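The structure appears right after this line, and notes come after that.
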Amino acid sequence: MAQDIRELMKQKPSREPSLPAGHEARFEARLGAAFGSEKPTTGKKPIFLWMKVAAIAIVMIALGTFGYNSLTKENGTNNFVEAESPIKDTETKANEKLLRLADISPELKKAEGLLLAGINMQIASLEITPDNKDVIDGYMEQLSILDEEYASLGEELANNPSEEIINAMFDNLKMRMSLLMKLKNKLKELKNQTDEQINSIEV
């Protein structure tokens with residue numbers, strides 16, 4: 001019986017369903033009418049993407065700066081031990097002849113903006129307590145030294161642009177970020193030690 005079915009299938013011509021003429025054109029016309037005929041604009045997407053990235057970087061830098069300022073001010077006084085003044089001095093002195101990575105190319109501007117935003121976010125998220133204030137002050141002094149070096153690298157870049165200086169500036173930003181990550185880990189250790197001491201006293 002299996003052979004009979006095979007023979008019947010061979011004898012019967014296979015008929016595939018065919019669509020009426022013009023079906024595809026009518027379908028595309030209906031789609032165009034329902035959803036509008038949108039053609040991809042490849043030229044506008046990269047510009048729009050850059051605008052999004054720039055807007056996000058600006059917002060993150062603004063939030064980081066605002067958070068940092070609100071954390072460092074307590075009734076009009078600074079919580080840190082004079083670690084901020086060298087940064088302000090170098091910024092005002094070097095502003096005229098300082099060249100930033102953002103001034104060189106859009107790609108470097110994006111990378112510098114993201115790193116600076118990350119640094120500012122890390123600084124803004126620090127919780128200052130009497131127990132960890134000395135530790136934070138020490139790290140902030142190291143950050144101010146790195147900031148001074150970054151400003152001097154910016155001056156060198158303005159006088160003699162080279163790839164080595166650009167790499168050194170990126171290394172400086174990465175060192176600041178890793179220093180802040182070490183500070184975060186140190187603060188976690190201090191908090192855990194304090195919690196353990198409190199628990200041992202309660203027991």
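The values are calculated or read from the model by the stated rules, or taken from the named source; none is laboratory data. Note that the structure is a prediction, hence the values are computed from the model and not measured. Quick reminder, even Gly has a Cβ in these numbers, built from the backbone with ideal geometry, and neighbours come from all protein chains shown.
Is at least one residue of segment 34-42 over 30 Å from Lys109 (Cα atoms) and modelled with pLDDT of 70 or more?
Within segment 34-42, one or more residues are over 30 Å from Lys109 (Cα atoms) and modelled with pLDDT of 70 or more.
From the residues in segment 104-138 that are charged (D, E, K, R) and within 19 Å of the chain's Cα centre (by Cα), which one is nearest to Gly67 (Cα to Cα)? Show your work before the answer.
So the first thing to find is which residues in segment 104-138 are charged (D, E, K, R), and the list is 107, 109-110, 112, 127, 131, 133-134, 137.
Now narrow it down to the ones that are within 19 Å of the chain's Cα centre (by Cα): 107, 109-110, 112.
Details: Glu107: 27, Lys109: 23, Lys110: 22, Glu112: 20 Å.
It comes out as Glu112.
The C-beta contact set for segment 169-181 (first residue more than 11 Å from Leu116 (Cβ to Cβ), second residue part of a helix (DSSP H, G or I) and β-branched (Val, Ile, Thr), distance under 9 angstrom, 6+ apart or interchain) comprises Leu180/Ile119; Leu180/Ile123. Would you check if there is a residue in segment 161-174 being polar (S, T, N, Q), at pLDDT below 90 and more than 19 Å from the chain's Cα centre (by Cα)? Yes: segment 161-174 contains one or more residues that are polar (S, T, N, Q), at pLDDT below 90 and more than 19 Å from the chain's Cα centre (by Cα).
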